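Here is the structure we will look at.
The values are calculated or read from the model by the stated rules, or taken from the named source; none is laboratory data. Quick caveat, the model's predicted, so the values are computed rather than measured. Cβ placement follows ideal geometry from the backbone for every residue including glycine, while neighbour counts extend to all protein chains displayed.
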2 protein chains.
Amino acid sequence: MPGELRDADGGLFERISAALGPGVVAAAEPRYLEEPRGRYQGRAAAVLRPGSTAEVRTIVRLCAEARVAIVPYSGGTGLVGGQVMAEGPLPVLLSSERMRAIRDIDLTDDVLVAEAGVILAEAQAAARERDRLFPLSLASEGSARIGGLLGTNAGGVNVVRYGNARALCLGIEAVMADGSLVSDLTRLHKNNMGYDLRDLLIGSEGTLGIICAASLRLYPVPAETATGWIAVDSPARALDLLGLARDRLGTAIQAFELIGAAGLDFLAEKQPEVAIPRTEASPWFVLAEVGDGAGSEVAARFEALLSEALGRGLVTDALIAQSAAQRDAFWTVRERIPEANRLIGSVSSHDISVPLSRLVEFIERGGPAVHAIDPEFRINCFGHLGDGNLHYNVFPPKGRARSDFDAVRGRVKGAVHDLAHALGGSVSAEHGIGRLKTGDMTRYADPGRLAAMRAIKGALDPLGILNPGAVLP
Amino acid sequence: MPGELRDADGGLFERISAALGPGVVAAAEPRYLEEPRGRYQGRAAAVLRPGSTAEVRTIVRLCAEARVAIVPYSGGTGLVGGQVMAEGPLPVLLSSERMRAIRDIDLTDDVLVAEAGVILAEAQAAARERDRLFPLSLASEGSARIGGLLGTNAGGVNVVRYGNARALCLGIEAVMADGSLVSDLTRLHKNNMGYDLRDLLIGSEGTLGIICAASLRLYPVPAETATGWIAVDSPARALDLLGLARDRLGTAIQAFELIGAAGLDFLAEKQPEVAIPRTEASPWFVLAEVGDGAGSEVAARFEALLSEALGRGLVTDALIAQSAAQRDAFWTVRERIPEANRLIGSVSSHDISVPLSRLVEFIERGGPAVHAIDPEFRINCFGHLGDGNLHYNVFPPKGRARSDFDAVRGRVKGAVHDLAHALGGSVSAEHGIGRLKTGDMTRYADPGRLAAMRAIKGALDPLGILNPGAVLP
């Protein structure tokens with residue numbers, strides 16, 4: 001299909017400007033054509049900046065007529081190249097940056113209706129102002145936008161309690177590849193009228209339709225919270241602690257993050273200004289947060305849980321944040337690790353998930369598999385333990401550069417991905433497929449699923465104009 | 001498409017028996033051809049009873065070659081005719097009754113892997129034996145099967161806390177219309193490898209593929225629970241109570257059901273053996289249940305909540321179950337109301353949902369809209385208030401029969417459905433579309449959604465052999 005596409009040209013832009021006025025078509029400045037890890041250099045004839053869903057429809061219709069590819073562009077924070085098209089006919093970028101309205105917040109329905117260009121931090125703040133929580137939270141929340149977060153079914157640190165972006169979305173307004181509108185900004189929690197297009201479009205990375213607005217679920221702000229920095233001997237003990245916490249605290253567990261000593265070493269090396277919580281030295285740490293309503297005594301119960309865990313030998317040391325500042329300090333450690341990783345420069349980074357029952361085995365077998373390629377490689381394994389989602393990143397020996405290992409990068413990735421797959425896991429837990437992992441789709445996706453996905457893509461985007469080259473190999 | 005289908009005949013059954021042995025093809029006994037409300041009389045050339053997913057694949061391939069329609073048959077409890085095909089070329093029924101294995105229960109992954117023919121009560125019991133909760137619960141749980149529950153995205157009484165069937169399913173194994181296999185029995189909580197086929201097949205009522213097995217989420221059994229029978233003056237007060245309960249108890253609210261006085265009158269008339277909890281007389285009641293982990297003091301907090309609500313005038317009386325027997329007695333009232341409805345015989349029954357912010361308006365406007373057709377009609381409005389899902393059923397005046405009102409049934413349905421739709425609601429909250437509500441799809445579904453659904457149906461079932469006539473008008 002992409003073979004039938006044509007380069008975007010001036011004629012198209014004239015028609016768009018004639019229909020929508022002069023402010024929509026803009027030059028594709030370099031910042032639109034890069035992605036955070038610098039793996040792709042995108043190309044685009046222009047950036048289109050519609051101000052409304054109706055304008056998106058017009059743009060999509062005109063691009064479909066001209067057989068021009070559309071790359072949906074949101075916050076630009078995606079890590080798998082979904083937002084940059086490096087080859088093929090010259091596309092347009094369709095940016096949501098002018099669609100910034102929060103259309104409604106309703107405290108009875110507990111819903112926030114946001115346009116695609118709303119930045120996550122803005123949505124969080126708007127909810128907070130009305131004494132509600134929009135629980136999606138991740139490192140790039142200061143620039144990631146709602147459209148991209150839904151398009152990629154983003155995860156983050158609160159999935160263990162509230163689910164991923166898909167679980168936080170009740171309804172969507174989307175423009176399909178022929179310019180038709182799917183208008184389903186429902187705020188219903190139960191609606192069995194036909195197929196679930198919402199969940200199909202969420203996570204499709206702009207290849208099946210363009211999400212223009214969404215009705216998002218709000219939750220009560222937990223009146224009581226507690227945050228712990230907890231030293232454990234091993235991932236197995238961390239999982240034991242998780243099991244005990246589930247039994248004692250149920251859904252009050254809001255975050256359960258694993259941090260390896262390597263992550264702290266990297267911080268000490270590259271960002272020494274970040275204060276590491278002072279506990280006993282330990283190969284592993286858990287950053288856990290709980291929250292619940294007034295009267296739940298969740299903080300006291302969390303403290304009791306940690307005492308019990310210390311008594312049973314599951315944990316070796318634990319700090320409970322005594323102030324908001326200390327809580328923030330704990331979280332700063334977690335949130336700065338990706339930047340430390342970037343400054344050191346990985347040979348290969350991975351976003352895998354495995355069933356919790358196989359997580360210990362993954363970590364135990366991962367080290368030897370990686371070190372069989374180079375025994376000096378450093379591994380920084382950290383992430384969302386409560387979801388079985390690890391960022392398992394492999395780094396050069398100290399003093400060496402990532403570029404020294406270009407030749408083995410593919411082997412490293414293959415070793416880690418093969419292991420995750422063999423253990424019933426995924427090689428893209430939360431980042432999506434984009435253009436970086438289409439080869440993994442061929443290698444690991446169930447053939448029946450892949451065939452059905454292709455059939456759906458062909459049915460909903462027969463011209464192949466929506467984000468060609470992304471998701472499907 | 002259905003026009004190209006052919007009657008199932010002996011040649012097909014010979015080929016199936018030759019491939020799978022003599023035990024698979026059976027006579028379509030009358031019990032397979034009826035549905036609970038008696039609205040449709042189905043037809044089928046035979047019931048096919050595969051014992052495995054591989055046998056389902058063979059059957060689907062042979063039916064596709066023969067252009068014979070397949071009606072997936074699960075527990076037979078569906079209320080919208082999805083399981084019975086009354087017209088068109090003679091189909092086969094594909095029953096899951098011999099696929100009864102619970103393949104695995106894993107307490108670290110908190111997952112239960114069940115084949116499609118497992119009865120819901122069996123899955124619940126298997127989880128309980130391992131000290132886990134499978135939270136899906138509804139009146140027909142003694143006969144409804146996992147395949148149909150997922151196929152229709154069933155709801156029930158615990159959706160307010162745990163979500164509907166879709167939210168309780170991590171992965172599926174399904175056979176597509178060409179006999180291909182979608183093998184995705186994942187137990188991952190995060191997996192962003194491509195489009196969400198799982199949520200697409202769940203709720204598609206067997207029109208896009210046949211769900212043969214599923215990995216289902218288990219939860220801790222709440223160590224502490226409390227159940228209240230609560231008198232309120234109006235639905236508005238019930239919603240106020242819900243808001244207060246959310247604030248105080250958060251996700252501990254497991255069920256929040258509304259019951260109108262008419263439901264109790266119907267029970268007294270038709271099932272006088274059912275004991276009604278003794279409270280002050282009241283036009284409305286709430287049946288609420290909460291649950292949480294050991295140490296949560298959730299029962300005490302629930303009692304405090306009800307005291308506060310009494311003090312603030314939100315509720316007029318409340319009983320808290322003092323024993324398991326009393327809890328069961330409260331629930332028996334709720335669960336026997338549908339049977340009382342059936343014994344009285346409705347003019348028209350509805351399964352609507354509206355946003356919580358419009359629920360009071362729906363009830364306030366519903367009565368006049370119905371009584372404009374006949375001022376003597378009795379209305380029994382009850383259901384899952386916490387989800388905004390009401391069963392809003394209209395009955396003849398006392399002493400009259402439903403058949404006296406055949407002429408106005410359509411007007412009654414139209415009045416109720418138009419109102420729900422006008423308030424941003426759904427005319428099928430949890431029962432699905434089946435064959436009963438395809439007209440409502442034409443009338444109420446967003447045209448863009450409908451067009452996309454048709455495109456998906458055409459792509460995944462180009463011959464139109466899977467449950468023709470269901471879901472899509």
Inset, instruction - Kindly check whether there is at least one residue in region A:444-463 that is under 23 Å from B:P462 (Cα atoms), crowded, with 21+ Cβ neighbours inside 10 Å and more than 7 Å from chain B (Cβ to nearest Cβ). - result: yes
Inset, instruction - Being touching a residue at least 60 places away in the same chain (Cβ under 8 Å) and either within 11 Å of chain A (Cβ to nearest Cβ) or hydroxyl-bearing (S, T, Y) (or both) is the filter here, so list the residues in region B:296-311 that pass it. - result: B:S296, B:E297, B:V298, B:F302, B:L305, B:E308
Inset, instruction - Would you mind telling me which numbered condition in (1) farther than 30 Å from B:R37 by Cβ; (2) assigned by TED's automatic domain parsing to the domain that holds B:R39; (3) β-branched (V, I, T) B:V80 fails? - result: (1)
Legend entry - Subset of region A:85-116 [under 20 Å from A:T58 (Cα atoms) and among the hydrophobic types (A, V, I, L, M, F, W, C)]: A:L90, A:V92, A:L93, A:L94, A:M99, A:A101, A:A116
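A quick yes/no check of all residues on (1) under 16 Å from the mean Cα position of the chain (by Cα); (2) acidic (D, E):
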residue	(1), (2)
B:V159	yes, no
B:D178	no, yes
B:L181	no, no
B:N191	no, no
B:G194	no, no
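Residues checked against (1) of a type outside the set (A, V, I, L, M); (2) within 23 Å of B:V84 (Cβ to Cβ); (3) free of Cβ contacts under 8 Å to residues at least 12 places away in the same chain:
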position	(1), (2), (3)
B:K413	yes, yes, no
B:H421	yes, no, no
B:G432	yes, yes, no
B:M441	no, yes, no
B:A452	no, no, yes
B:K457	yes, yes, no
B:D461	yes, yes, no
B:N467	yes, yes, no
B:V471	no, yes, no
Inset, instruction - Considering every residue within region A:315-334, establish whether at least one is at pLDDT 95 or above, within 14 Å of chain B (Cβ to nearest Cβ) and closer than 16 Å to A:A236 by Cα. - result: no
Legend entry - Options B:R248, B:R217: the member that is touching a Leu at 6+ places or on another chain (Cβ under 6 Å) and either more than 22 Å from A:N192 (Cα to Cα) or at the interface with chain A (Cβ under 7 Å from one of its Cβ atoms) (or both): B:R248
Inset, instruction - Scan region B:182-208 for residues that are facing chain A (nearest Cβ under 7 Å), of a type in the set (D, E, K, R) and either surrounded by 24 or more Cβ atoms within 10 Å (Cβ to Cβ) or part of a loop (DSSP other than H, G, I, E, B) (or both) and jot them down. - result: B:R187, B:K190, B:D196
Legend entry - Candidate set: region A:347-372, residues that are surrounded by fewer than 20 Cβ atoms within 10 Å (Cβ to Cβ) and in contact (Cβ under 8 Å) with a residue 40 or more places away in the chain; chosen: the one farthest from A:S137 (Cα to Cα): A:A372
Inset, instruction - Please work out which one of (1) in a loop (DSSP other than H, G, I, E, B); (2) out of contact with any Ser or Thr (no Cβ under 7 Å at 6 or more places or on another chain) is the condition A:G383 fails and give its number. - result: (1)
Legend entry - Tally, over region B:70-95, of residues that are over 25 Å from B:G23 (Cα atoms) and within 20 Å of the chain's Cα centre (by Cα): 5
Legend entry - Residue check for B:D461: at pLDDT 95 or above, of a type in the set (D, E, K, R) and not assigned by TED's automatic domain parsing to the domain that holds B:G366: yes
Legend entry - Top-ranked residue of region A:428-468 - restricted to ones that are assigned to a loop (DSSP other than H, G, I, E, B) and touching a helix residue (DSSP H, G or I) at 6+ places or on another chain (Cβ under 7 Å), ranked as nearest to A:H384 (Cα to Cα): A:I433
Inset, instruction - Please work out if B:G151 is crowded, with 24+ Cβ neighbours inside 10 Å and over 26 Å from B:G313 (Cβ atoms). - result: yes
Inset, instruction - Pull up region A:273-295, narrow it to residues that are surrounded by fewer than 21 Cβ atoms within 10 Å (Cβ to Cβ) and under 28 Å from the mean Cα position of the chain (by Cα), then point me to the one that is nearest to the other protein chains (Cβ to nearest Cβ). - result: A:P283
Inset, instruction - Mind listing whichever residues of region B:373-385 are within 21 Å of A:D106 (Cα to Cα) and either free of Cβ contacts under 8 Å to residues at least 24 places away in the same chain or aliphatic (A, V, I, L, M) (or both)? - result: B:L385
Inset, instruction - Kindly list, by first and then second residue, each pair from a residue in region B:273-291 that is more than 16 Å from B:L258 (Cβ to Cβ) to a residue that is of a type in the set (S, T, N, Q), limited to pairs with Cβ atoms under 7 Å and residues at least 6 apart or on different chains. - result: B:V274/B:T332; B:E280/B:T316; B:V290/B:T225; B:V290/B:Q254; B:G291/B:T225; B:G291/B:Q254
Legend entry - Which numbered condition A:L170 fails, given (1) touching a Lys or Arg at 6+ places or on another chain (Cβ under 8 Å); (2) within 8 Å of chain B (Cβ to nearest Cβ); (3) under 30 Å from A:I59 (Cα atoms): (2)
Inset, instruction - Only residues that are more than 8 Å from every other protein chain (Cβ to nearest Cβ) and charged (D, E, K, R): list them for region B:419-436, please. - result: B:R435
Legend entry - Options A:V471, A:V416; residue that is at pLDDT 95 or above, touching a Ser or Thr at 6+ places or on another chain (Cβ under 9 Å) and more than 10 Å from chain B (Cβ to nearest Cβ): A:V416
Inset, instruction - May I ask you to verify whether B:A44 is of a type in the set (A, V, I, L, M), without any contact (Cβ under 8 Å) to a residue 40 or more places away in the chain and either surrounded by fewer than 24 Cβ atoms within 10 Å (Cβ to Cβ) or part of a loop (DSSP other than H, G, I, E, B) (or both)? - result: no
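For every residue, the table says whether it meets (1) more than 20 Å from A:I202 (Cα to Cα); (2) in contact with a strand residue (DSSP E or B) (Cβ under 9 Å, 6 or more places away or on another chain); (3) among the small types (G, A, S).
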position: A:E65; (1), (2), (3): yes, no, no
position: A:G75; (1), (2), (3): no, yes, yes
position: A:Q83; (1), (2), (3): no, yes, no
position: A:L90; (1), (2), (3): yes, yes, no
position: A:L93; (1), (2), (3): no, yes, no
position: A:I105; (1), (2), (3): yes, yes, no
Legend entry - Index of the failed condition, A:H421 passing every other in (1) within 25 Å of A:A144 (Cα to Cα); (2) touching a Phe, Trp or Tyr at 6+ places or on another chain (Cβ under 6 Å); (3) surrounded by fewer than 23 Cβ atoms within 10 Å (Cβ to Cβ): (1)
Legend entry - Filter pass, A:L390 being among the hydrophobic types (A, V, I, L, M, F, W, C), within 14 Å of chain B (Cβ to nearest Cβ) and outside any loop (DSSP other than H, G, I, E, B): yes
Legend entry - Selection count, region B:161-218, where residues are under 26 Å from A:A422 (Cβ atoms) and of a type in the set (F, W, Y): 1
